[in-house]
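Undergrad: Right, I'll just put the structure down here and ask away after.
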Amino acid sequence: MPRPRKHRFVSEEPRATYYKPRGIPLAALEEVVITIDELEALRLADHKRLTQEETAKRLGVSQPTLHRILRTARSKVADALANGKSIRIEGGTYELPSKRFFECFRCQHHWDEPFGTGRPQHCPQCQSPNLHRLAHPKNDTTP
Ligand SMILES: [Zn+2]
């Protein structure tokens, strides 16, 4: 019986979802499928060069799970590049954030803001401008 898979946190939708090599006729074209959570792992670990620990934290997975995701994703990309296959990016178990989370350095107040409203200038509780964005909500959401 397959284990239910936990959702992984992905910070944004992919910019493009299909890559096709030039000059290979469609009938001869093979395709590899990279899931959106696999792409996020590649983006954070290999493009942004975050540590595996930080990447695992951002995705919300254990380090062994991240290791497995990265191995699979790198192997698919290498297959596509080495063998002239196209890459389709779709699927996977993932969650996009609907809110952004902030914390105040001064009073430790944390709160969320919807996307598209700009970065808050002040802590709503103590008015300090000394705040930072969190990758995930704090478990304790009491003010
Ligand atoms: Zn504050």
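Undergrad: Any residue at all in region 97-113 that's of a type in the set (K, R) and within 16 Å of the ligand (Cβ to nearest atom)? Show your work before the answer.
TA: Narrowing region 97-113 to residues of a type in the set (K, R): 99-100, 106.
So of that shortlist, the ones also within 16 Å of the ligand (Cβ to nearest atom) come out as 106.
Yes, the conditions are met somewhere in region 97-113.
Undergrad: If H132 passes every condition in (1) outside any loop (DSSP other than H, G, I, E, B); (2) surrounded by 11 or more Cβ atoms within 10 Å (Cβ to Cβ); (3) within 16 Å of the ligand (Cβ to nearest atom) but one, which one does it miss?
TA: All conditions pass for H132, except number (2).
Undergrad: In the list T72, T55, T93, which residue meets the criterion of being modelled with pLDDT of 90 or more, within 17 Å of E12 (Cα to Cα), among the β-branched types (V, I, T) and more than 16 Å from the ligand (Cβ to nearest atom)? Spell out how you get there, then give the answer.
TA: Values: T72 fails: within 17 Å of E12 (Cα to Cα); T93 fails: modelled with pLDDT of 90 or more.
None of the others qualify; the one that does is T55.
The values are calculated or read from the model by the stated rules, or taken from the named source; none is laboratory data. From a predicted model like this one, the values you see are computed outputs, not experimental measurements. When we count neighbours, we look across all protein chains shown, and the Cβ atoms used for this are built from the backbone with ideal geometry, even at glycine.
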